[in-house]
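The values are calculated or read from the model by the stated rules, or taken from the named source; none is laboratory data. Note that the structure is predicted; figures quoted are calculated from it, not measured. As a convention, Cβ positions derive from the backbone with ideal geometry for all residues, glycine included, and neighbour counts pool all protein chains shown.
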Amino acid sequence: MNAQLLNSYRGTLLHILFWIVSFNLFNAFFCRGIESGFILDGFELSGWYILLISNIIIALILFPFIWFVKHIQIWIKRSVTIVLILVIGWSAILSILPKQENLIVPIILMFFLDNFLYVLIFHITIIAAVYINTKILIRSYLSQGKFATYLVLALGLAIIAGLMNYALFNLIIDKIFPQLFYISWFRIWELILIIIGYLAVTTIAFLLWQYGQMLIVNREKARNELSALKAQINPHFLFNNLNTIYALADKSDPRTKEVILQLSDFLRYVLYDTSAEKIDLEKEVDIIKTYIGLQKERITKNTTEVILNTEGDFSGAKIAPLLLLPLAENCFKHGVGKSRGTIEITIKYAGKQLYFSTRNTIERRENPLNHAEGGIGILNVEKRLNLLYPNKHLLTFVEEGGLFIVEMTIGLD
């Protein structure tokens, strides 16, 4: 069962639970035969039995709808149907027994069904108002920022639903069930207040649900962005380092083992260690150092000068993975060429504020601001910052004086 389907089932169950609670509350209020302490007048039947039988009736009414729910195994549907048939059959047998030998069915038919039917009819206009509000008014007006329009329409909906509820019990219900003598227990303004209460509660619940779904979507989006970053590891970086290792091995250079170990640590970190939502900032800084060490092995030292500045105590701080590495990688993508250049990377941490900046000479062969491949890394980091550190970060990049400068500040928890 996928997450979307599970989420749909969870939402449906919450809807059903909400209306079951509402039915039980009103059922207890409307029970004309219940004395104080919830003892049924004339029978030794406590409130717990009343609650139990009321919910059995609700369950029996809901049972047939299980056939409309997809992805539920057929044996479950058949089992529920058999239970429903047995209950109906048992009730039918009891109903034909002499009344003095059978009090269960008269109690159910004369009290619970009578009372439950009243509560069910009472909820018709409330249910209609609630779903018009959640399906139309909230999505079309409140979610679009049209607060005044929404309030006016919601109030109008409550008034119309209140009037319809009052008319239903005083003008219509007697013609449908003349033997029940149903009347409205509330005045019109009381009905309007009740419906306003339902609209307020369900609106708040709906908005909280939507907010929760938004958080889940954003979290999944952040994970997808991280996966995209992993997939963007420049294959040229791997090929270049493998060529470097090959050249060192060919010369029997004693640094060969060290470079292989560095490359192994780097790949392990990118592919596996970054699976957590937050990692140690100290580890992220160490991998930057490892990455720079690998790059120094392949570039010409007389042509490109690489400077790394670190300041502050990084231990204990946490950060989302792969926010620094793409920016460092960008320097070497576009700052290394045949002409002389400089790459400077600065990492500072103090007072829960992380400052990261890069400066690299721009090679004439390409402009990193407009280059499609070079822009992906920075834009990807920018998207993840907006998702993971909203209102807690600042990212700027500018080209000036032959340098491409990136500056990033993040407020870490």
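Of the residues making up the range 276-301, those that are more than 17 Å from Thr346 (Cα to Cα) and touching a residue at least 24 places away in the same chain (Cβ under 8 Å) number 9. Among the residues of the range 303-328, those that are assigned to a loop (DSSP other than H, G, I, E, B) and either surrounded by fewer than 18 Cβ atoms within 10 Å (Cβ to Cβ) or of a type in the set (Phe, Trp, Tyr) (or both) comprise Thr303, Gly312, Asp313, Phe314, Ser315, Gly316.
Can you tell which of Ile160, Ile132 is part of a helix (DSSP H, G or I), crowded, with 17+ Cβ neighbours inside 10 Å, of a type in the set (A, V, I, L, M, F, W, C) and at pLDDT 85 or above? Explain how you work it out, then say what you get.
Numbers: Ile160 fails: crowded, with 17+ Cβ neighbours inside 10 Å.
Only one candidate qualifies: Ile132.
Residues in the range 278-302 that are outside any helix (DSSP H, G or I), at pLDDT below 85 and aliphatic (A, V, I, L, M): Ile299 alone. Within the range 185-198, the presence of a residue that is without any contact (Cβ under 8 Å) to a residue 24 or more places away in the chain, of a type outside the set (Val, Ile, Thr), surrounded by 14 or more Cβ atoms within 10 Å (Cβ to Cβ) and under 26 Å from Thr12 (Cα atoms) is excluded.
Residues are listed down the side, and each one gets a yes or a no for (1) at pLDDT 70 or above; (2) out of contact with any Cys (no Cβ under 6 Å at 6 or more places or on another chain); (3) of a type in the set (Phe, Trp, Tyr):
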{"residue": "His334", "(1), (2), (3)": "yes, yes, no"}
{"residue": "Ile345", "(1), (2), (3)": "yes, yes, no"}
{"residue": "Lys348", "(1), (2), (3)": "yes, yes, no"}
{"residue": "Tyr355", "(1), (2), (3)": "yes, yes, yes"}
{"residue": "Leu369", "(1), (2), (3)": "no, yes, no"}
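Based on what the data block shows, is Ala228 assigned to a helix (DSSP H, G or I), modelled with pLDDT of 80 or more and on the phi < 0 side of the Ramachandran plot? Talk me through it step by step, then tell me what you get.
On the way: assigned to a helix (DSSP H, G or I): yes; modelled with pLDDT of 80 or more: no; on the phi < 0 side of the Ramachandran plot: yes.
For Ala228, the condition - assigned to a helix (DSSP H, G or I), modelled with pLDDT of 80 or more and on the phi < 0 side of the Ramachandran plot - is not met.
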